[in-house]
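Notes follow once the structure below has been shown.
The values are calculated or read from the model by the stated rules, or taken from the named source; none is laboratory data. Please read these numbers as outputs of a predicted model, since none were measured by experiment. Cβ atoms come from the backbone with ideal geometry, glycine included; neighbour counts cover every protein chain shown.
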């Protein structure tokens with residue numbers, strides 16, 4: 001009888017060790033999937049409480065309303081906060097504010113479908129751990145604070161006639177504020193500012209030309225939007241974006257440009273390190 005109890009106890013102990021090892025190897029994905037399910041059917045900004053952690057569910061545009069709702073409803077000391085998100089981006093200032101607000105207690109970010117633009121630029125990189133679930137897509141396409149004021153005007157305010165001195169003065173003030181906020185963010189979260197500028201090189205490598213005007217999809221579709229993402233290895237080693245776990249790691253083995261076509265179809269164009277990092281455009 002004692003031998004039977006001993007063997008049973010040994011099996012239970014071994015099972016426990018195996019479970020912990022499996023969880024560690026899983027990188028937390030099992031828990032991330034479970035947390036994400038708690039946000040199914042949730043409102044654009046909502047909170048859920050699990051046994052040992054609080055969950056914030058975010059869907060849609062990052063804007064003033066989202067920031068205000070989070071500010072009003074986030075408890076002072078959330079328990080091991082997890083943020084589940086599906087967002088194409090939005091306001092730069094609001095995204096930075098939300099990232100700073102959530103990073104005070106610290107948070108894990110779980111991407112269920114999309115995290116583009118300001119979501120990738122700020123909410124994704126500020127998280128402690130980042131999870132990309134099955135089918136999730138992350139994408140960068142620059143920032144509102146390019147390297148120079150001239151480039152800022154060229155990208156966002158290009159017109160047939162030159163801007164007047166008064167308009168230029170106003171825009172220069174806005175640009176300096178954006179640039180300062182971005183530099184502070186980069187310093188605070190210890191990432192490389194190059195993540196905001198490398199998209200130009202990625203696009204040139206993928207399209208074989210500086211623009212996408214002549215790119216066509218497999219069935220001749222025109223381009224609606226483009227964004228890019230580095231490989232998991234480059235996220236960490238080149239850009240300082242650490243602790244990223246992808247459910248399908250093969251999807252993030254290479255750098256890629258994601259092209260959304262006019263009919264909604266999406267194509268991924270692989271970009272080699274050799275081409276991507278041979279130059280720094282704009």
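Looking only at the range 207-217, decide whether some residue is in contact with a helix residue (DSSP H, G or I) (Cβ under 7 Å, 6 or more places away or on another chain), assigned to a strand (DSSP E or B) and under 20 Å from residue 116 (Cβ atoms). Within the range 207-217, none of the residues are in contact with a helix residue (DSSP H, G or I) (Cβ under 7 Å, 6 or more places away or on another chain), assigned to a strand (DSSP E or B) and under 20 Å from residue 116 (Cβ atoms). Among the residues of the range 242-253, just one is closer than 21 Å to residue 200 by Cα and surrounded by fewer than 18 Cβ atoms within 10 Å (Cβ to Cβ), namely 253. Taking the stated definitions as given, is residue 234 part of a loop (DSSP other than H, G, I, E, B), in contact with a strand residue (DSSP E or B) (Cβ under 9 Å, 6 or more places away or on another chain) and not assigned by TED's automatic domain parsing to the domain that holds residue 133? So residue 234 does not fit the description; no.
Results for (1) surrounded by fewer than 22 Cβ atoms within 10 Å (Cβ to Cβ); (2) within 26 Å of residue 227 (Cα to Cα); (3) not assigned by TED's automatic domain parsing to the domain that holds residue 180, shown as yes or no for each residue.
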{"site": "48", "(1), (2), (3)": "yes, no, yes"}
{"site": "52", "(1), (2), (3)": "yes, no, yes"}
{"site": "55", "(1), (2), (3)": "no, no, yes"}
{"site": "85", "(1), (2), (3)": "no, yes, yes"}
{"site": "95", "(1), (2), (3)": "no, yes, yes"}
{"site": "99", "(1), (2), (3)": "no, yes, yes"}
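Exactly one residue out of 124, 131 is outside the structural domain of residue 274 (by TED's automatic domain parsing) and outside any helix (DSSP H, G or I), and it is 131.
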